[in-house]
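For reference, the structure discussed in these notes is given below.
The values are calculated or read from the model by the stated rules, or taken from the named source; none is laboratory data. Just so we're clear, the structure is a prediction, and the values are computed from it rather than from any experiment. Cβ placement follows ideal geometry from the backbone for every residue including glycine, while neighbour counts extend to all protein chains displayed.
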Amino acid sequence: MNKKQIILNTIDFVKETLEGAEGGHDWFHIERVYKNALLIAKDEKVDLFIVQLGALLHDIADAKFYDGDESIGPKKAREFLLSQQVEEEVIAHIENIILFISYKSSFDHSKSFSSPELNVIQDADRLDAIGAIGIARCFNYGGFKNRALYDPEIEPNLEMTKEQYKKSNAPTINHFYEKLLLLKDQMNTKTGELLAKERHGYMKGFLLQFFDEWSGVK
């Protein structure tokens, strides 16, 4: 089977698998990450086939929707890629991309994996977590989990462990300080850095407006 057909089959598989998914982690999230990954990859020396597959499959079974089980995503990806007769070296690479792309993986320093392809996809995924889309996704997920918008009595926890991060039920605004505003300085590529800077500024403006309105200034 040629690579173009495998990509088309992967798109169909992801659309079907994520039908009815939470709005911030649905097919449209995958599509945005896929497009951003292709954009970033233009300026990087990468295997484009792995970038395409990794971007499409990176959230095929996000652990947060599976009681924190981080093994399901790589397993689902492997089963599908085997059905497409993809070679083992590529499958193993995709499994590692899925395992290490998430922000929560940065908490675990005992395990690590890196590749130019992961760098590209991780930047693309993080770009979708910031800016206007990032704000929308953040509040959509907060609503999905029935979290408070903001509570002045609950301060952001800037020294969380991985387990605390995974189990956090803090107000949605806290997530900006605990993750989203930190992403600008964690980009891997020059293109990612440039795009993140603009989206970061948009979020800061939003937060200023939010707190002005909350306190009755505007």
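Regarding Lys111, is this residue basic (Lys, Arg), at pLDDT below 90 and surrounded by 15 or more Cβ atoms within 10 Å (Cβ to Cβ)?
Working: basic (Lys, Arg): yes; at pLDDT below 90: yes; surrounded by 15 or more Cβ atoms within 10 Å (Cβ to Cβ): no.
Spelling it out, it is not the case that Lys111 is basic (Lys, Arg), at pLDDT below 90 and surrounded by 15 or more Cβ atoms within 10 Å (Cβ to Cβ).
Checking the conditions here, which among Phe176, Phe139 is in contact (Cβ under 8 Å) with a residue 12 or more places away in the chain, of a type in the set (Phe, Trp, Tyr) and more than 25 Å from Gly20 (Cβ to Cβ)? Step through it out loud before you land on a result.
Numbers: Phe139 fails: more than 25 Å from Gly20 (Cβ to Cβ).
When all the criteria are applied, what remains is Phe176.
Answer yes or no: is there a residue in the range 12-24 that is polar (S, T, N, Q) and either more than 30 Å from Glu163 (Cβ to Cβ) or buried (at least 19 other Cβ atoms within 10 Å of the Cβ) (or both).
no
Restricting to the range 66-76, name every residue that is in contact with a helix residue (DSSP H, G or I) (Cβ under 6 Å, 6 or more places away or on another chain) and either under 15 Å from Asp12 (Cα atoms) or surrounded by 16 or more Cβ atoms within 10 Å (Cβ to Cβ) (or both).
Glu70, Gly73, Pro74, listed by residue number.
Under the condition of being more than 16 Å from the chain's Cα centre (by Cα) and in a loop (DSSP other than H, G, I, E, B), which residue from the range 46-65 is surrounded by the fewest Cβ atoms within 10 Å (Cβ to Cβ)?
Checked the range 46-65; the qualifying residue surrounded by the fewest Cβ atoms within 10 Å (Cβ to Cβ) is Asp47.
Please enumerate the residues belonging to the range 92-108 that are surrounded by fewer than 16 Cβ atoms within 10 Å (Cβ to Cβ) and at pLDDT below 95.
Ser106, Phe107, Asp108 - these are the residues of the range 92-108 that are surrounded by fewer than 16 Cβ atoms within 10 Å (Cβ to Cβ) and at pLDDT below 95.
List every residue pair whose Cβ atoms sit under 8 Å apart, with the two residues 6 or more apart in sequence or on different chains, where the first one lies in the range 180-206 and is under 19 Å from Cys138 (Cβ atoms) and the second, anywhere, is surrounded by fewer than 19 Cβ atoms within 10 Å (Cβ to Cβ) and among the hydrophobic types (A, V, I, L, M, F, W, C).
Pairs found: Arg199/Ala132; His200/Leu181; Tyr202/Ala132; Met203/Leu181; Lys204/Leu181.
Going by the structure shown, is Ala124 modelled with pLDDT of 95 or more, of a type outside the set (Ser, Thr, Tyr) and over 25 Å from Ile40 (Cβ atoms)?
No; evaluated as a whole, the condition is false for this residue.
Go through the range 16-45 residue by residue and tally those that are part of a loop (DSSP other than H, G, I, E, B) and within 21 Å of Ala196 (Cα to Cα).
4
With respect to Ile94, determine if the residue is within 27 Å of His175 (Cα to Cα), assigned to a helix (DSSP H, G or I) and of a type in the set (A, V, I, L, M). Walk me through how you get there before you give the answer.
Numbers: within 27 Å of His175 (Cα to Cα): no; assigned to a helix (DSSP H, G or I): yes; of a type in the set (A, V, I, L, M): yes.
For Ile94, the condition - within 27 Å of His175 (Cα to Cα), assigned to a helix (DSSP H, G or I) and of a type in the set (A, V, I, L, M) - is not met.
Does the range 68-91 hold any residues that are modelled with pLDDT of 95 or more and part of a loop (DSSP other than H, G, I, E, B), and which are they?
Those that are modelled with pLDDT of 95 or more and part of a loop (DSSP other than H, G, I, E, B): Gln84, Gln85, Val86, Glu87.
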